[in-house]
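Each remark here refers to the structure printed beneath this line.
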Amino acid sequence: MENRSAPGQAGHVERMRRGAPTSTAIPVVFSQTIGLFMPAQAPMMRDVAVLFASPWGIEEMCTHKFWRVIAERLAAVGVSSLRFDYPGTGDAGDGDEFQAGLSTWEDSLVGAAEQLRRLSGCRRIIVVSQGLGAAIATNAAGRLGELAGMAFLAPAISGRFYLRELQFWARAIDDGMGLAAAHRSSGGVAIASLRMPEPIAADVRKLDLMAVAAAPCSPCLVIERPDRPAESGFADRLETLGATVTRASYTGYDALVANPTMAKMPLAVARTLVDWVVDLPAGQPVSTAETITDPQYLSGDGYRETPLTFGQSQRLYGVLCEPLGKRQGATVLLLSTAYDRHAGWGRTTVTMARDLACEGIASLRFDPANVGDSPPVAGLAEQVLYTETQVADVVEALDLVDERGLLPAIVVGRCSGAYLAFRSALRDPRIRGVVVANPFAFFWNPKRNVDEFLSVVPRSLDTYKARLFQRDTLRRLLDGRIDVRVAFSNMVKALGQRLLQATGAGPYLLPEQRRNGREVKSAFVKLAARGTELRILYSEHDIGLTHFASHFGADGEGLKRYPNARMAMIEDTDHNLTPEKARRVYYEAIREMAMAQSPKW
């Protein structure tokens, strides 16, 4: 496909090459996928560019931001890079039936290498891989052209061991979400609502990097986990095959992949990787890079997507999804949950955007600052959840929608994304409607520590009661897998909230609660006066119901004071709306509200 990008991006590239401050990479479309090219910001000192080969599943969700951090650091030392999504993952096209197996993803890596050479002007490529991406890169190495080096971060050595580990990992995530057994994935390879196509899984089962007959490249960097001797053994194998191998420890791996919401970037590993790249031989002068000028699109069944940057200094990144046919209703702003990338938990946001487009409804999904592919704003705190700074990001997204003639708009979100949607509607009257699922709160006291809250998120009292005497809960308690102190503290908090509701004290017992009550009431009055439609959805037993009840009563009677607002329960689901039936309820609420608005042309 012809290499193109959105209007104004050519100047964006040139600003980076001159070292001027900028925020995001350059979106490009190739081989039915979307990539992000980060041009060298400092003068290019070597004929090398870096290609990222991503892991899969929850590991990819957690490392997505880490790739961006590394790409920015590489750009600062004069090295361009490209990161992208494999077919059927992230923002990529949904692809075929994957009958070609793992070679489908290997082919996309080959296409990405060709794209990187055109964009950077570099002849030699350095591949940086992690997890399953290491096997993909190793298999495809002979087709990637001239390689200047390969880096393997926590490589998946044995396919069978990798899939067994994935199974345990998936079970831990389901346990953490309190997901009922009936809604857990059974059969096949799946984790965090993501399912690996069976032809690919079949090929993964056969993988064994210890059996490689020749080193895929030299030099190599292996960043291994200390408790995984197989990774050290792989480094030994590469040396036996004649490669020059540099070894390093993957300090901070567990903190990176534990949870996208609380992922901590292993910056020491990033420094090790960048230093290794800088120390590689410089090579020949760089040839002329291909010019990027025109808009670029990814088209599928009923939709056309435009990856773009927007906002002040093009600081935010997102994907505009438009219908191929006649546009109907309001444009939907799909807001991220916590630090999940804009593709959404289990890729649900991508699916929702494309389904809406098939019904004529446009949407914009994007990363707020310091989430996914949108870098942080200099001078602001690293923690951006439940802050007013994210509201400014939504306002800039609305400016983009307005400039493109795609008003009116509604905003939707789940959990912290629900909070952001609600607070953004208060700020900007261009928002005509709000659909929120499982909001934890409608007002967040800025003095409250978000990090402490996220580290010990309590459940609802009903959930604790339901799980207290389950056999699995008792087994995990005996095994020491439950922090008794934290669990007991959370149960006391949940019980305290229930007692407040029972006594009718509501949000008015303590000074902070009185302030919360005033702020929430004022917000609902403002939206009602403006006529902004508000739909609130809760999973039964969701922790957010405790806070909702403290303001509107356990039966929601207090909400009747606001004619613009309605609340509904979604039965038999978890906080993440994992069951397809629950997601459909959420989708229908969004579709109904969007269709109630008439588009402006």
Lone qualifier among Leu273, Leu221, Leu238 - being part of a helix (DSSP H, G or I) and closer than 30 Å to Gly90 by Cα: Leu273
Out of Gln328, Gln390, sole residue that is part of a loop (DSSP other than H, G, I, E, B) and either over 11 Å from the mean Cα position of the chain (by Cα) or modelled with pLDDT of 95 or more (or both): Gln328
Enumeration of residues in the range 80-101 that are under 29 Å from Arg164 (Cβ atoms) and either within 21 Å of the chain's Cα centre (by Cα) or buried (at least 24 other Cβ atoms within 10 Å of the Cβ) (or both): Arg83, Phe84, Asp85, Tyr86, Pro87, Gly88, Thr89, Gly90, Ala92, Asp94, Gly95
Of all residues making up the range 425-452, the number that are buried (at least 16 other Cβ atoms within 10 Å of the Cβ), in contact (Cβ under 8 Å) with a residue 60 or more places away in the chain and not β-branched (Val, Ile, Thr): 11
Condition check for Thr309: in contact with a strand residue (DSSP E or B) (Cβ under 6 Å, 6 or more places away or on another chain) and either assigned to a loop (DSSP other than H, G, I, E, B) or surrounded by fewer than 22 Cβ atoms within 10 Å (Cβ to Cβ) (or both): no
Ala214 being part of a loop (DSSP other than H, G, I, E, B), surrounded by fewer than 14 Cβ atoms within 10 Å (Cβ to Cβ) and either without any contact (Cβ under 8 Å) to a residue 40 or more places away in the chain or assigned by TED's automatic domain parsing to the domain that holds Arg347 (or both): yes
Some residue of the range 174-182 being touching a Leu at 6+ places or on another chain (Cβ under 6 Å), assigned by TED's automatic domain parsing to the domain that holds Thr272 and either outside any loop (DSSP other than H, G, I, E, B) or not basic (Lys, Arg) (or both): no
Any hit, the range 118-129, residues being farther than 24 Å from Asp279 by Cα and modelled with pLDDT of 95 or more: no
The one condition in (1) over 17 Å from Glu59 (Cβ atoms); (2) assigned to a helix (DSSP H, G or I) that Gly187 fails to fulfil: (2)
Those residues of the range 561-573 which are at pLDDT below 95 and surrounded by fewer than 22 Cβ atoms within 10 Å (Cβ to Cβ), in sequence order: Glu571, Asp572
Residue match in the range 367-384 (condition: out of contact with any helix residue (DSSP H, G or I) (no Cβ under 7 Å at 6 or more places or on another chain) and assigned to a helix (DSSP H, G or I)): no
Failed criterion for Thr251 (all others in (1) assigned to a loop (DSSP other than H, G, I, E, B); (2) surrounded by fewer than 15 Cβ atoms within 10 Å (Cβ to Cβ); (3) touching a helix residue (DSSP H, G or I) at 6+ places or on another chain (Cβ under 6 Å) hold): (2)
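The values are calculated or read from the model by the stated rules, or taken from the named source; none is laboratory data. Quick caveat: nothing in here was measured; it's all calculated off a predicted structure. Reconstructed Cβ throughout: ideal geometry from the backbone, glycine too, with neighbour counts over all protein chains shown.
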